[in-house]
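Comments concern the structure below.
The values are calculated or read from the model by the stated rules, or taken from the named source; none is laboratory data. Please read all numbers here as calculations on a predicted model, not as lab measurements. In this analysis, Cβ positions are derived from the backbone assuming ideal geometry, glycine residues included, and neighbour counts consider all displayed protein chains. Just the protein is used for accessible areas: all its heavy atoms, side chains included, with ligands, DNA and RNA removed. Shrake-Rupley method; radii C 1.70, N 1.55, O 1.52, S 1.80 Å.
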Amino acid sequence: MNKNEGGNRRSASNRPRGKSSFGKSKPPLPKRAQGPKKDKPAPAKAASANPEKPVKKANQAPKRQKAADEIRLNKYISNSGICSRRDADIYIQSGNVKVNGIPVTEMGYLVKPTDVVNFDGAILTPEKKEYILLNKPKNFTTALDEGFEHRNVSELVKGATKSILSPVGRMDKNTTGLLLFTNDTDMIRKFTIPNQKSSKIYQVSLDKNLKFEDLEKIQKGLTIEGHRVSVEEISYIDDQPKSEIGLKLRTANVKVVRHIFEHFSYDVLRIDRVAFAGLTKKNLPRGNWRFLTEQEIINLKNV
């Protein structure tokens, strides 16, 4: 190889080939955000071509048009006062609920008012339990057989609910104070039986001062018409004449209160029930009513 060839070869290797950026500093690339990658939305055609089918849950009743008189089974059970809807779902799944004699474990099952629902061996009624407390005024009676000369207490709670409510116990037209209304037959039975555990407090107005010796006799208890009457507490009312008496006993029969004082030859002018099984007249003016709170209902059931 001659010098010319070597020179030509070196010159050829050192000759630049086209445009090159070798040896030049490049500007730094901007940093990209390292956030999560976003999925690209599927094309509209593909979504419409292959729609996703909803996943059916276990024990779920097939959806159908709900009739006007139908109600979900768990709500039916809840309205009966047995338990909450959530607890009702547990009982349904466990197979403890029958509709028309057939066990039902499907969630969302619909029933009609004519269906017979058996909950753990007991037949339920779909009507929701309602509880109303009234501060009864004078000239209203709980009796339905006194004609039209006296107005009935049902007028005072008319329109409060669509349910048919009954008063717990009886009150004559001259007796005032707390009166409970409900469609819970178990509650009515509980507070009207003779041997009950709930206390009631009455303020009694007499035609004359109550003698202290008569007060002591009443406190010890007495027998009226062959029935033993036990009094929890009796006392004069502070800052009132001796004819104003406070009486605490368990009976809900107002006639018993009247008979106690008539037994000692006192005429009873007024009887006002100021407390009933822990319920009071606080923030409840005469003639007004209110629904019981959930806690008050629980307390009554636990008495």
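How much accessible area per residue does segment 71-123 have, counting only protein heavy atoms and a probe of 1.4 Å, in square angstrom?
Value returned for segment 71-123: 55 Å² of accessible area per residue.
Charges at C-beta only: +1 for Lys and Arg, -1 for Asp and Glu. How large is the resulting dipole of segment 200-276 about its Cα centre, in Debye rounded to 20?
Values: 13 positive and 13 negative charges, 63 e Å.
Dipole about the Cα centre, nearest 20: 300 debye.
Accessible area of segment 71-123 with a 1.4 Å probe: how many percent of it is carbon plus sulfur?
Carbon and sulfur together cover 46 percent of it.
Quick check: from the Cα gyration tensor, does segment 71-123 come out rounded (a/c under 1.5), prolate or oblate?
Rounded, because the longest to shortest axis ratio a/c is under 1.5.
Taking Cα pairs under 8 Å and at least six residues apart, what relative contact order does segment 131-290 come out at, in percent?
Details: 302 pairs, mean separation 49.8, N = 160.
Over segment 131-290, the number comes to 31 percent.
Taking a probe of 1.4 Å, how large is the accessible area per residue of segment 200-276, in Å²?
Solvent-accessible surface per residue comes out at 55 Å².
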